[in-house]
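The values are calculated or read from the model by the stated rules, or taken from the named source; none is laboratory data. These numbers were taken from a predicted model, which means no experiment stands behind them. Quick reminder, even Gly has a Cβ in these numbers, built from the backbone with ideal geometry, and neighbours come from all protein chains shown.
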Amino acid sequence: MKQITKNFALLVAAILFIAYASLAQNPTATNHSTTKNKTTMKTYLIERDIPNAGNLTPEQLKAISQTSCSVLKEMGPKIEWIQSYVTGNKIFCVYKAESEELIREHAKKGGFPANVITEIGTVISPATAN
């Protein structure tokens, strides 16, 4: 059990680090302006319970990715997929979106679960220690 907890903590730390690195490379990525009003993109971590996700073939992962991208294109610029991490029975995804509701809509239209959606409030990394 300690090993599972340690592995989960490492996975979450890696996800947060990559989200931070993404923001550091493009600090304006979370703020998209329109001509009429300013909208703010929030960063979310989505936990998807998918039995045997770690055994999905490259072809299956490609098909899932294509479905996700197709739905995102249809939904417009208010939601963006950053990256996902495939584990044994889950896929953890990092998205930017204007709201949690957009995350849920994307999951529904794509036909995949969004079991837990967590807004990332602050990102820390080894650079935070300096």
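Would it be correct to say that Ile103 is surrounded by 16 or more Cβ atoms within 10 Å (Cβ to Cβ), modelled with pLDDT of 95 or more and in a helix (DSSP H, G or I)? Walk me through it before giving the result.
Working: surrounded by 16 or more Cβ atoms within 10 Å (Cβ to Cβ): yes; modelled with pLDDT of 95 or more: yes; in a helix (DSSP H, G or I): yes.
Judged against the criteria, Ile103 is a match.
Out of all the residues in segment 72-100, which are over 15 Å from the mean Cα position of the chain (by Cα) and either surrounded by 15 or more Cβ atoms within 10 Å (Cβ to Cβ) or under 12 Å from Leu45 (Cβ atoms) (or both)?
Met75
Is there a residue in segment 58-80 that is modelled with pLDDT under 70 and of a type in the set (Lys, Arg)? Lay out the reasoning, then the answer.
Applying the first criterion (modelled with pLDDT under 70) to segment 58-80 yields none.
No, because not a single residue in segment 58-80 is modelled with pLDDT under 70 and of a type in the set (Lys, Arg).
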